[in-house]
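Reviewing the structure listed below.
The values are calculated or read from the model by the stated rules, or taken from the named source; none is laboratory data. Computed from a prediction, not measured in an experiment: that's the story for all the values here. Here the Cβ positions follow ideal geometry from the backbone for every residue, glycine too, while neighbour counts run over all protein chains shown. Each accessible area value is taken on the protein alone, full model and side chains, heavy atoms only, with ligands, DNA and RNA left out. Shrake-Rupley method; radii C 1.70, N 1.55, O 1.52, S 1.80 Å.
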Amino acid sequence: NGVSTDNGVSTDNGVASRFQALIDEGIRPSFDSLKAWDVSAYQANVQRANELTASLDASLATLTAAAKANATAGAAAMDRNVRHLALGLPATAMIALLLVGLVFYLFQRQLLRPLEQVRRHCADIARGDLSQHLSAHGVREMAQLKTGVDAMRLSLLELVAQLQQESRGLRDDA
């Protein structure tokens with residue numbers, strides 16, 4: 001895979017082909033002319049190797065510039081992402097805290113407060129106060145609990161009334 005420059009040319013493929021050309025067209029022929037003791041051919045091959053080296057250097061400079069541009073663009077994108085995170089994380093935390101607060105408020109309102117009412121009502125009944133009525137509105141299960149506790153209160157009230165009537169009857173018979 002090549003690194004593309006601004007004009008879309010793949011530069012690392014160009015570097016590889018220029019490097020291969022330097023070997024095939026410059027260095028090998030230079031060694032071959034040295035083996036043959038052909039000084040004029042050697043000088044021509046050295047000149048060609050220098051031209052190919054300059055071309056390779058230009059390709060490497062282009063590749064380096066493209067890599068630098070890509071690194072700069074990547075660093076800018078990373079900086080932008082970090083800034084977005086710096087803004088987004090506190091906002092997300094605030095929204096999460098608000099949602100937790102809302103859930104706690106609804107939990108307290110729908111469950112804890114009615115349970116506290118039932119607990120107080122049961123404590124009143126335990127102290128013998130059967131005169132307080134418990135309203136049966138709210139969440140369905142809570143309403144059922146309240147209705148059951150109030151039914152217990154009414155049963156106890158009837159039982160107390162029945163015991164009082166039987167007690168009066170026994171006193172009257174005695």
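Given charges of +1 on the Cβ of Lys and Arg and -1 on the Cβ of Asp and Glu, with all other atoms neutral, how large is the dipole of the chain about its Cα centre, in debye to the nearest 20?
Rounded to the nearest 20 debye, it is 600 debye.
Not counting ligands, DNA or RNA, and with a 1.4 Å probe, what is Ile125's accessible surface area in Å² rounded to the nearest 10?
20
Please report, as a whole percent, how much of the solvent-accessible surface of the chain comes from carbon and sulfur atoms (probe radius 1.4 Å).
Here carbon and sulfur together make up 63 percent of the probe-accessible area.
What's the extension gain from Gln43 to Ser167 if we count 0.36 nm per residue and subtract their Cα-Cα distance?
Length gained between Gln43 and Ser167: 30.9 nm.
Could you tell me what % of all Cα pairs in the chain have separations over 20 Å?
77
Give a quick list of trypsin sites (Lys or Arg not before Pro) in segment 35-144 that DSSP marks as loop, anything other than H, G, I, E or B, with at most 11 other Cβ atoms within 10 Å.
Arg127
Take the alpha-carbon positions of segment 57-137, form their convex hull, and give its projected area averaged over all directions (one quarter of the hull surface) in nm².
Averaging across all directions leaves 8.9 nm² for the Cα convex hull.
Can you give me the relative contact order of segment 23-165 as a percent, contacts being Cα pairs under 8 Å and 6 or more apart?
Dividing the mean separation by the residue count of segment 23-165 yields 12 percent.
With all protein chains present and a 1.4 Å probe, how do Met142, Met152 order by accessible area, largest first?
Output order, biggest surface exposure first: Met152, Met142.
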